[in-house]
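A short write-up of the structure that comes next.
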Amino acid sequence: MSCGLAPKWAAEWVNLKVSLQLILQGVFLFTLSTLLLGWLLPKIYTLLLCAIHSLAKAKHEKDDLELYESKKKEHREKSQTQYDSLASEYNQRILIPRQEEKRRKKEEDFIKFLGPAWKGKGSPLGGQVFDDENHCDSAGQEAARRRIVREDINLDVLAAAASNAAKKKKIKHVITLPDEPSADEPDAISVLFRTPLGTTFQRRFLNSDKVQCLCDLITTKGFSYKSYIISTSYPRVLLSDPNVTLLELKFGKRILLNIEEKDA
């Protein structure tokens, strides 16, 4: 009887032992999972908070940048409007009366030029003057004698002309305009020219371009830099140095320039 109960009891003990082992393993796994979750959840929560904060900060910075660019553009347009108004007032108050005065003076000089060219007593060319009417055989011979010019006078005139030509002989400047930059170029400057005729034309240049490029451009438009000069509208500043760059003049992104006739 006892021999029959021993195997049954041993089997139950084995089953109980296996059950306890399974329970202990489940408790161990549950405890380990709890610890892992307790360690991971704060990390995940911190990462989520950092990501949300970064996104909010990026959006805020983008909004601030857009607001700054909008205010900057508005301020630039307002400044340009004020500048154009002052330039127009300066043009109406100073430049136009000055040009009218120049035109009136030219008209007066032209009228004077159309008047009598010579009011004094002339003297004939040549080395001899024949006062005796009987000295000449005929009127043709007298006129021929009066047309005689001394050779030394011709030589002096020729020498003076050669000397002046040698002084005025210079290396001819070849006009080579730089390529026009695109409108979205960061260093591009939009230059609007106002001519003495009242017309305007526009072209873009780079900050590194010199005033000589502006002079070459107006020369190609029919306003030679020998007879015309470029100036700012307000305040009026003459661009007399061709080697100065546009960056040094601090023109900004847009500038209005006047083409004026040089004073005689």
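Tabulated data
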| item | result |
| --- | --- |
| Selection within the stretch 235-245 - at pLDDT 90 or above and closer than 18 Å to LEU192 by Cα | THR245 |
| Checklist (1) more than 12 Å from LEU256 (Cα to Cα); (2) touching a residue at least 12 places away in the same chain (Cβ under 8 Å); (3) not small (Gly, Ala, Ser) applied to VAL191, failing item | (1) |
| Which numbered condition ASP152 misses (of (1) in a loop (DSSP other than H, G, I, E, B); (2) of a type in the set (D, E, K, R); (3) modelled with pLDDT under 75) | (1) |
| Residue match in the stretch 216-228 (condition: in contact (Cβ under 8 Å) with a residue 12 or more places away in the chain, loosely packed, with under 12 Cβ neighbours inside 10 Å and outside any loop (DSSP other than H, G, I, E, B)) | yes |
| Residue check for ASN164: surrounded by 10 or more Cβ atoms within 10 Å (Cβ to Cβ) and at pLDDT below 85 | yes |
| Of all residues making up the stretch 189-209, the number that are of a type in the set (Lys, Arg) and over 14 Å from GLN99 (Cβ atoms) | 2 |
| Members of the stretch 68-97 found to be free of Cβ contacts under 8 Å to residues at least 24 places away in the same chain and among the aromatic types (Phe, Trp, Tyr), listed by number | TYR68 |
| Condition met for LEU5 (open to solvent by 100 Å² or more (accessible area, probe 1.4 Å) and at pLDDT below 85) | yes |
| Lone qualifier among LEU256, LEU192, LEU247 - being of a type in the set (A, V, I, L, M, F, W, C), part of a strand (DSSP E or B) and open to solvent by 50 Å² or more (accessible area, probe 1.4 Å) | LEU192 |
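For (1) in contact with an Asp or Glu (Cβ under 8 Å, 6 or more places away or on another chain); (2) small (Gly, Ala, Ser), each residue gets a yes or a no:
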{"residue": "PHE223", "(1), (2)": "no, no"}
{"residue": "SER231", "(1), (2)": "yes, yes"}
{"residue": "LEU246", "(1), (2)": "yes, no"}
{"residue": "PHE251", "(1), (2)": "no, no"}
{"residue": "ASN258", "(1), (2)": "no, no"}
{"residue": "GLU261", "(1), (2)": "no, no"}
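Okay, residues lined up against (1) within 30 Å of SER231 (Cα to Cα); (2) open to solvent by less than 90 Å² (accessible area, probe 1.4 Å); (3) in a helix (DSSP H, G or I):
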site	(1), (2), (3)
ALA10	no, yes, yes
LEU29	no, no, yes
SER33	no, yes, yes
GLU74	yes, no, yes
GLN99	yes, yes, yes
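The values are calculated or read from the model by the stated rules, or taken from the named source; none is laboratory data. Computed from a predicted structure; not experimentally measured. Glycine gets a Cβ as well: all are built from the backbone with ideal geometry, and neighbour counts include every protein chain shown. Areas reflect the complete protein model, heavy atoms only, side chains present, ligands, DNA and RNA absent. Shrake-Rupley method; radii C 1.70, N 1.55, O 1.52, S 1.80 Å.
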